[in-house]
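Colleague: Handing you a structure now.
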Amino acid sequence: MSIVTRIAGLAGLAVAAALVSGTTQAQTPVKFSLDWKFEGPAAPFTVAIDNGYFKAEGLDVTIDTAGGSLEPINRVASGTYGIGIGDINSLIKFRDANPNVALKAVFMFYNNPPFSIVGRKSRGVTTPKSLEGKKLGAPAPDGAYAQWPIFVQANGIDASKVTIENVGFPVREPMLAAGQVDAITGFSFSSFINLKDKGVPVDDITVLLMSDYGVNLYGNAVIVNPKYAADNPEVVKAFLRALVKGIKETVKSPSTAVDSVIKRNDVAKKSVELERLNMAIRDNIVTPEVKKNGYGGIEEARFTKAIEQIGLTYKWKNAPPKADDIFDASYLPAAADRKFE
């Protein structure tokens, strides 16, 4: 055997060993909490799993559903989950009530919040003021209901004239469809689509998107446990790099992306979840701010104003937080990688 042949053979063995090593390398396990069920808007996370974006970053991500946008905050704060997605406005209040828990947001997923009041025109709900004298169904832990005091103040509503009924998430839309309440709080893309799916005529549905009526807040954000982030900074950065790829792929091909959600939800219908996803992309994910600045970040001036607005109806237990007390941009991918395309 010539020296050239032997060298070539050794090189081949080295390549093969490297390939074996790469395919068997241990992936870092990451427990991630959604804010809700596997529905259309969760597609960027499931796409990142199914398309191998997390795996390419060395992560083995498992995703669990939750019962609302407050639950992930408690899960991540307890350390049961390292990373989750939840309402950043609820996070701000949580931090104020728990100043020793340095929970932070690291990626803004919903640049505009989907908080809304959804009512029926046939029951007289057409404007914010028309809610006076009506019955509003609102789950106590609902992220949208948490903004009700701000919505009330911004629109001059006499809250004493609105009857609030604490309802469960599963019965919220059915109760509105049956006429047991006149309106509900909820995420626009969930409540609207659920009502439509239950046979309520589209022209009888009123969607009052709170961001169109004076509620100038951000929405759901990726949050991290402080100890987890301190111990695993590269894992958090890798997670966000993969998520950005998942978002971009979802925005590019929503019809394909939604399939990754459908296969995880036995009762989901593709047409319903695709419409829900398209609403979320249009109203909450791809906003003018995102088109200008890219995915994931915040504008500090806007965030500061959002904190001030929360303070209009929420009594701070401590000094109002500053933007960097709540949002840590140090884990974000480079601006060029987050650019809207």
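Colleague: For a quick check of your reading: which helices (runs of 4 or more DSSP H) sit entirely within segment 246-319 and have at least 3 residues that are at pLDDT 95 or above and within 24 Å of Leu217 (Cβ to Cβ)?
Modeller: So the answer is 270-280, 288-293, 300-313.
Colleague: Pairs under 7 Å by beta carbon, first residue more than 19 Å from Ala154 (Cβ to Cβ) in segment 104-121, partner in a strand (DSSP E or B) and of a type in the set (Lys, Arg), six or more apart or different chains?
Modeller: Filtered contacts from segment 104-121: no entries.
Colleague: Could you tell me which residue of segment 175-190 is farthest from the chain's Cα centre (by Cα), considering only residues that are surrounded by 13 or more Cβ atoms within 10 Å (Cβ to Cβ) and farther than 10 Å from Gly137 by Cβ?
Modeller: Ala177
Colleague: Same structure, new question: Tell me which residues, restricted to segment 140-166, are of a type outside the set (A, V, I, L, M), touching a residue at least 24 places away in the same chain (Cβ under 8 Å) and surrounded by fewer than 21 Cβ atoms within 10 Å (Cβ to Cβ).
Modeller: Pro141, Pro149, Gln153, Asn155, Gly156, Asp158, Lys161, Thr163, Glu165, Asn166 - these are the residues of segment 140-166 that are of a type outside the set (A, V, I, L, M), touching a residue at least 24 places away in the same chain (Cβ under 8 Å) and surrounded by fewer than 21 Cβ atoms within 10 Å (Cβ to Cβ).
Colleague: From the list Glu275, Glu308, Glu249, which one is acidic (Asp, Glu), assigned by TED's automatic domain parsing to the domain that holds Lys93, surrounded by 16 or more Cβ atoms within 10 Å (Cβ to Cβ) and under 26 Å from Asp212 (Cα atoms)?
Modeller: The conditions single out Glu275.
Colleague: Let me ask you something else. Among the helices (runs of 4 or more DSSP H) contained in segment 151-234, which hold 1 or more residues that are out of contact with any helix residue (DSSP H, G or I) (no Cβ under 8 Å at 6 or more places or on another chain) and outside the structural domain of Pro139 (by TED's automatic domain parsing)?
Modeller: Numbers: elements: 169-177, 188-197, 226-231.
The helices (runs of 4 or more DSSP H) meeting that bar are 226-231.
Colleague: Out of segment 320-341, which residues are surrounded by 12 or more Cβ atoms within 10 Å (Cβ to Cβ), aliphatic (A, V, I, L, M) and not in a helix (DSSP H, G or I)?
Modeller: Correct list: Leu332 only.
The values are calculated or read from the model by the stated rules, or taken from the named source; none is laboratory data. As the structure is a prediction and not an experimental result, all values here were calculated from the model. Heads up, the Cβs are rebuilt from the backbone with ideal geometry, glycines too, and the neighbour counts pull from every protein chain shown.
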